[in-house]
Amino acid sequence: MRLLFAAALLICLPATAFAQDKPAFAGPYAGPEAGVLIHGFRLGDDVNSRKYVGAGLAGGGFAGIMLPVSDRLRLGGEVAVQAGGGTVRSQEIFAFYEQKARWGYSVTARAGYVLGERTMVFAEAGYGGYRYDVRLSRNVIDDDGNGPSGLVGGIGIERQIGRNVGVRLRAQGGSKHGRILIGLPIRF
């Protein structure tokens, strides 16, 4: 029994030592995020169009991986989804047009730079979009979730608050929407 315990201890020690030497902000991670979605639309022809913009609360989650390229540089990717985001509405005398945010997504490549031991700044670029319910007066004219998709980009900062837990603030924008989100990345 002592021999078996000694063998198990010898097997676990290198793995424990490796886990302690893992670079900051490296490896797979996932977590929740919440914040504000900003979106809008234009009504009218190009000359006399009017822009309607609104903001609403949104929440979701993300998962990704960051790999150490050097002592300070991290490269990786992330997938994120959000739901919610509020309704933007134009009010006319007898009718209205509105766009209700339903859910959004993004798939991005990320590059991060570690400042000190507990802070990382990052930039991201990729593909994403948001889906909406569109209504004209009381009639739903598009409820299958069509919305603008395309290139998205963002910047952010992350701070470790525990051994495997951090808090981050990121801003991401696309052609027709923007998001400002606070997240809680948990590293594995």
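Details
- Test result for Tyr113, of a type in the set (Ser, Thr, Tyr), closer than 29 Å to Leu73 by Cβ, at pLDDT 95 or above and open to solvent by 30 Å² or more (accessible area, probe 1.4 Å): yes
- Which listed residue, of Ala101, Ala123, is part of a strand (DSSP E or B), surrounded by 15 or more Cβ atoms within 10 Å (Cβ to Cβ) and either among the charged types (D, E, K, R) or modelled with pLDDT under 90 (or both): Ala101
- Gln160 more than 29 Å from Lys22 (Cβ to Cβ) and either open to solvent by 30 Å² or more (accessible area, probe 1.4 Å) or modelled with pLDDT under 95 (or both): no
- Residue check for Phe62: in contact with a Gly (Cβ under 9 Å, 6 or more places away or on another chain), at pLDDT 85 or above and not in a strand (DSSP E or B): no
- Residues of the stretch 66-98 satisfying the condition of being at positive phi and in a loop (DSSP other than H, G, I, E, B): Gly85, Gly86
- Taken over the stretch 76-93, the residue count meeting the criterion of being in contact (Cβ under 8 Å) with a residue 12 or more places away in the chain, more than 22 Å from Leu184 (Cβ to Cβ) and of a type outside the set (D, E, K, R) is 4.
- Residue in the stretch 128-136 that is modelled with pLDDT under 95, more than 17 Å from Val36 (Cβ to Cβ) and of a type in the set (Ser, Thr, Tyr) present: no
- Number of the exception - Ile155 against (1) open to solvent by less than 50 Å² (accessible area, probe 1.4 Å); (2) modelled with pLDDT of 90 or more: (1)
- Qualifying residue in the stretch 27-37 (condition: at pLDDT below 90, hydrophobic (A, V, I, L, M, F, W, C) and surrounded by fewer than 18 Cβ atoms within 10 Å (Cβ to Cβ)): no
- Output for the stretch 38-59, where each listed residue is exposed (fewer than 13 other Cβ atoms within 10 Å of the Cβ), assigned to a strand (DSSP E or B) and β-branched (Val, Ile, Thr): Val53
- Residue match in the stretch 69-78 (condition: more than 18 Å from Pro32 (Cβ to Cβ), hydroxyl-bearing (Ser, Thr, Tyr) and open to solvent by 10 Å² or more (accessible area, probe 1.4 Å)): yes
The values are calculated or read from the model by the stated rules, or taken from the named source; none is laboratory data. Note that this is a predicted model, so its numbers are computed, not measured. As a convention, Cβ positions derive from the backbone with ideal geometry for all residues, glycine included, and neighbour counts pool all protein chains shown. These accessible areas exclude ligands, DNA and RNA; they are computed on the full protein's heavy atoms, side chains included. Shrake-Rupley method; radii C 1.70, N 1.55, O 1.52, S 1.80 Å.
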